[in-house]
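The values are calculated or read from the model by the stated rules, or taken from the named source; none is laboratory data. None of the values given here were measured: they were computed from a predicted structure. Cβ atoms come from the backbone with ideal geometry, glycine included; neighbour counts cover every protein chain shown. Side chains are part of the model used for accessible areas, which takes the heavy atoms of the whole protein and leaves out ligands, DNA and RNA. Shrake-Rupley method; radii C 1.70, N 1.55, O 1.52, S 1.80 Å.
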Amino acid sequence: MKRLRRSIFSLITAFCLVLGVLSSSLLFAQDVALDSGWEYAWGDSPFDSNGVPLWAQENSNVEWLPIDYPANPQGRGAFENIWFRVTLPDVPLRDPVFYASSIDLLVEAYIDGKKIYQHGEFDHHGAGEFAGWPWHMIILPEDFAGKTLYFRVYSDYFSIGFWGEQKLSERVDVLSQVVKSSYSGIIVVGVSIFIALMACVFAIFRAQRWQFLSVGFFSLAAAGLMLGDTPVTKLIWNKPLMWDYIGAYAYFLLPIPMFMLLAEWLSKADLEVRHFQWLWKFHLVFLVVAGLGSLLGVVTVTQLYPVFDGIFIITLLMLIVSVLFVFHRVSVEQKVLILAYFGFCAVMLLDMAVAHAWISWISVPVSNGAIFFSVVIIGLSFNHYLSSQRRLTTLNASLESEVVIRTEQLIQLADKEKSRAEGLLFQQTKLELASDIILALESSRTLDVGIEKIGNAIAELCQPFSGVFSIAKDDGWQQVQCWGRDMAMFVPSETEVTKVQFDDEHGVFPFKIANQQGVVSYVALLQVRVTDEPNGYSVERFMKLVQRAVEKISITLANIALREELQRFSYEDMLTNLKNRRFFSEVMEYEIASAERNKEPLSLLICDIDHFKKFNDTYGHPAGDEALKALAGLLSGFFRQADIVCRLGGEEFVVIMPRARGGDCLRRAEELKIAVENTQILYEGQTLESVTISIGIASWPELTEDPQQLFQQADLALYEAKESGRNCIRMAKLN
């Protein structure tokens, strides 16, 4: 028995050392603490007509008072609103953020009169409902140095203002700190849940079920407390109020299993434990009342914490007095339990002192104390575990027969799974082959080359089944590929070339494409004969798979045909490598027809370099050519892949934007105008002055009833932009 006790104590000591090493290894990134320069003003700021608080403006006449730490200034009285401000130092930060551990209770942050952060909802009286106690990371502008950061704070709590640390840092460093500072919490949550599960297992196989269930409840409460306190939970799910309520009610739950455990253990020493039962029942009543009050909206967690702390201190004093009278009569194990309990209570009291600002802020490891108490309970309970081994021996005998039955069921299940896996592998292989065919087609420049590639690869897609691949000729179908055996397939006659339809039941799959006018033509035909199921893959599913593959390949062929047709019109401007006016005229007709046929919007953007003649006269025509090239290069990479950029001539460019509405085109044009202004023009090693552009936009059917008038309307809008002073955008007006 003594050896067992020594082993238990050694296990507890080792676990505590591991926790200590883990905690000490969490090193945070260096940052800039804002420990000075704070000022405050009681009350709430008025707002101007634009909704900007007057106190957040540099010329406000409010009297700001200095304060060492931005929390709980003197003279609060009935005030529930306060403003704090601090001047941000010049710190070299690439992604600057302001970090605060917590703020009581609601907060808005302002720089240069602009609101850059908000936690909670302020009503028109400057008040609001409690929204949780999260950590705050406020993203600052790049030019924050020397600016004043203002905080509008509301709190009906006994504390108002900041709590913990405030600092400037890199955003990645703050996130890294949050994650690193959560390591121990995550470990504690995991260990607590593990202990709870162990306690539940012990409760199933042991007679002392209440004891182990109490351990389980305590460990779950410790896990909930740590979960509500772990900073990374905000990154997982940004619901601070929910996490605070989880932590709060886990905190309120802790005394209940603790008093239950003491009553259970001390009753073994024939001690009177009725007062312990009364204490945990009293805390249970508080927990139920608090929960109902929160659900009904009568109280908030900010009001419950002080009440609970007062109740806990009173009940703890009563417990200490009771235990002191019987401490000399209990066993060593029970003394260890009592000391561990009082040690954890001391941690909780320290946490209360920090929360109520009775002492300076420090990080109190309440969850670590809880996990230590749980480990002590588990260690003490481990003595009783050996007797459960005899029961496990009997249980194993009955389990062996169950294992035999389950093994047979698993074998049958494995056979079914194997057949399913083979079917999935077969399907995946065919899908990859179809993708390979489509990928190979992407490099085909002509339709004939594409069809030839299909003929070379289609047999592998259809194997292990027989098939025929034919291509359409002027005089009918020509068979170019045949594989397998027993092929007596239907071949359409010349008059039936345009009548072939998909027929997956008989394995007939035509390849068809549509030209610009929507006329469908047939270019190839695949016929497949499936005689049995391939690897458990049904014939119906295989036919559907081939049909989908043929449809996708047909789409690719249509693109090749369209590309081949458009290549005949692919005339380029020699200077800018953009398409020229002739190409624009021909493609515009195609896009108009396509837009009308598919009932899709079509937009046109025309831009012109402002004062280009003056630019040429100042720097010379070679420099003007460089400006045209620079604008052409910008236009080429600025729009969507589906958009078509052309040079109409001189300094005038046009962009065809299929399926784009006027609003989308306007937003893109605004971004283009800014990009052109910021584009540097280099010529002979010198940076020339930037150019600006005027832009005209027309869109069908929003801004013009006739798509044939798109160019004229866009040109009129461009003329209006030039008449309006240039470097601006004008949209066509719907008559």
Review point. All other residues with a Cβ under 12 Å from the Cβ of PRO701 taken together, and with Lys, Arg as +1 and Asp, Glu as -1, what is their net charge?
Key: -3
Exercise for review: State the extension gain, in nm to one decimal, for the chain segment bounded by ARG563 and ILE359, taking 0.36 nm per residue of separation less the distance between their alpha-carbons.
Suggested key: 65.8 nm
Exercise for review: Could you list, in their original order, any pairs among LYS579/LYS629; LYS629/LYS722; LYS114/LYS234; LYS115/LYS234; LYS579/LYS733 whose Cα atoms are separated by more than 19 Å?
Suggested key: LYS629/LYS722; LYS114/LYS234; LYS115/LYS234; LYS579/LYS733
**Study point:** Local electrostatic count, ALA457, Cβ distance below 15 Å [Lys/Arg +1, Asp/Glu -1]
**Key:** -2
Point to revise | Efficiency of FRET between LYS473 and GLU670 - r from beta-carbon atoms, R0 51 angstrom, step 0.05 | key: 0.45
Practice item. Enumerate the amide H contacts of TRP38 below 5 Å, restricted to partners 5 or more residues apart or on another chain; note that Pro and chain-start residues carry no placed amide H. Key: ILE67
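What number comes out for the charge environment of ILE160, summing +1 per Lys or Arg and -1 per Asp or Glu over other residues with Cβ under 13 Å away?
-2
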Point to revise | GLU452-LEU431 FRET efficiency (beta carbon distance; Förster radius 22 Å; 0.05 resolution) | key: 0.45
Practice item. Tabulate in residue order the Karplus-calculated ³J(HN,Hα) for segment 116-132, using 6.51 cos²θ - 1.76 cosθ + 1.60 with θ = phi - 60°, rounded to whole Hz; enter x for Gly and Pro. Key: 10, 7, 8, 10, x, 10, 8, 8, 6, 8, x, 10, x, 8, 4, 10, x
**Study point:** Interchain or long-range residues, amide H under 5 Å from GLN166's placed H
**Key:** LEU34
Study note, to complete from the structure: Highest mean packing first, using Cβ neighbours within 10 angstrom, the peptides 174-184, 668-678 sort as 174-184, 668-678
Practice item. Name the residues whose placed amide hydrogens come within less than 5 Å of the amide hydrogen of TYR117, ignoring near sequence neighbours (fewer than 5 apart) on the same chain. Key: ALA109
Exercise for review: Note down the nm distance, to one decimal, between modelled labels 7 Å out along Cα→Cβ at LEU575 and at LEU424.
Suggested key: 6.1
Exercise for review: Beta carbons within 10 angstrom, averaged per residue: use that to sort the peptides 617-625, 539-547, 219-227, 249-257, highest first.
Suggested key: 219-227, 249-257, 539-547, 617-625
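With the other protein chains left in place, how much accessible area per residue, in square angstrom, belongs to segment 72-145 at a 1.4 angstrom probe? Each step should come with its number before you reach the end.
Values: 3480 Å² over 74 residues.
Result: 47 Å² per residue.
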Review point. Which value in nm describes the separation of the simple spin-label points at ALA33 and GLN463, placed 7 Å from the Cα toward the beta carbon?
Key: 7.4
Exercise for review: Provide the per-residue ³J(HN,Hα) series for segment 101-112, in order, calculated from phi with Karplus coefficients 6.51, -1.76, 1.60 and θ = phi - 60°, each as a whole number of Hz, with x at glycine and proline positions.
Suggested key: 4, 6, 9, 9, 10, 10, 8, 10, 10, 10, 9, 6
Exercise for review: Could you please state, rounded to a whole Å, how far the C-alpha centre of segment 688-735 is from the C-alpha centre of segment 211-234?
Suggested key: 65
Review point. Using the Karplus equation 6.51 cos²θ - 1.76 cosθ + 1.60 (θ = phi - 60°), what ³J(HN,Hα) coupling, rounded to whole Hz, does each residue of segment 442-448 give in order, writing x for Gly and Pro?
Key: 4, 8, 6, 8, 10, 5, 5
Revision key, fill the gap. Most packed first (mean Cβ within 10 Å per residue), the peptides 680-687, 310-317 order as 310-317, 680-687
**Study point:** Solvent-accessible area, 1.4 Å probe, carbon plus sulfur percent, for segment 664-735
**Key:** 45
Check your understanding: For THR394 and ALA593 in the same chain, what is the full-extension length gain: residue separation times 0.36 nm, less their Cα-Cα distance, in nm?
Key -> 63.3 nm
Revision key, fill the gap. Rounded to the nearest 10 Å², the accessible area of LYS281 using a 1.4 Å probe with every protein chain kept is 110
Exercise for review: For GLU63 and ILE320, calculate 0.36 nm times their separation in residues minus their Cα-Cα distance, and state this gained length in nm to one decimal.
Suggested key: 87.4 nm
